[in-house]
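Chemist: So that we are looking at the same thing, I have put the structure below in structure tokens.
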Amino acid sequence: MAALTGTLDQSLEEAIAAVRQVAAGQGYSFAEAESGPNLLVFKKGASAFSWGSRIRVNFEATSPTQTRLSVTTKETWAIADWGRGNRAAHRLLEALGANA
């Protein structure tokens, strides 16, 4: 499990749209039933190296042109994620151009 934060120089609506696009580009499916107005949940299925993973992104508008993202990850059916969650969260924030 990993928990990271970052800030985007975008409005709340723009940040939500950007996260959805980047997560999809990284192979995550949007879990609409688990998501809410300021929370997006994305899932990735099992592979040769993982039993699946989940990324949760909470959004907080800090100003009309800035949004803080809180990203948490969790591996499905794993005791330890061996750093995969941390790398996935970093990749998402990096692809978005978020400031630490």
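Since every read-out is calculated from the coordinates, none of them should be taken as a lab result. Here the structure is a predicted model, which means the values were calculated and not measured.
Chemist: Which value in deg cm²/dmol, rounded to the nearest 500, describes the helix-derived mean residue ellipticity at 222 nm for the chain, given -39,500 (n - 2.57) per DSSP H run of n ≥ 4 and division by the residue count?
Modeler: Only helices count here, giving -8500 deg cm²/dmol.
Chemist: Separate question: Can you tell me how much longer the chain between residue 3 and residue 95 gets when fully stretched, taken as 0.36 nm per residue apart minus their C-alpha distance, in nm with one decimal?
Modeler: Extra length available between residue 3 and residue 95 comes to 31.5 nm.
Chemist: What list of ³J(HN,Hα) values in whole Hz, one per residue of the range 30-41 in order, does the Karplus curve 6.51 cos²θ - 1.76 cosθ + 1.60 (θ = phi - 60°) give from phi, with Gly and Pro shown as x?
Modeler: Here the 3J(HN,Hα) series is 6, 9, 4, 5, 9, 8, x, x, 10, 9, 10, 10 Hz.
Chemist: Pop out the ³J(HN,Hα) list for the range 18-23 in order, Karplus 6.51 cos²θ - 1.76 cosθ + 1.60 with θ = phi - 60°, rounded to Hz; leave Gly and Pro as x.
Modeler: 5, 5, 4, 5, 5, 4
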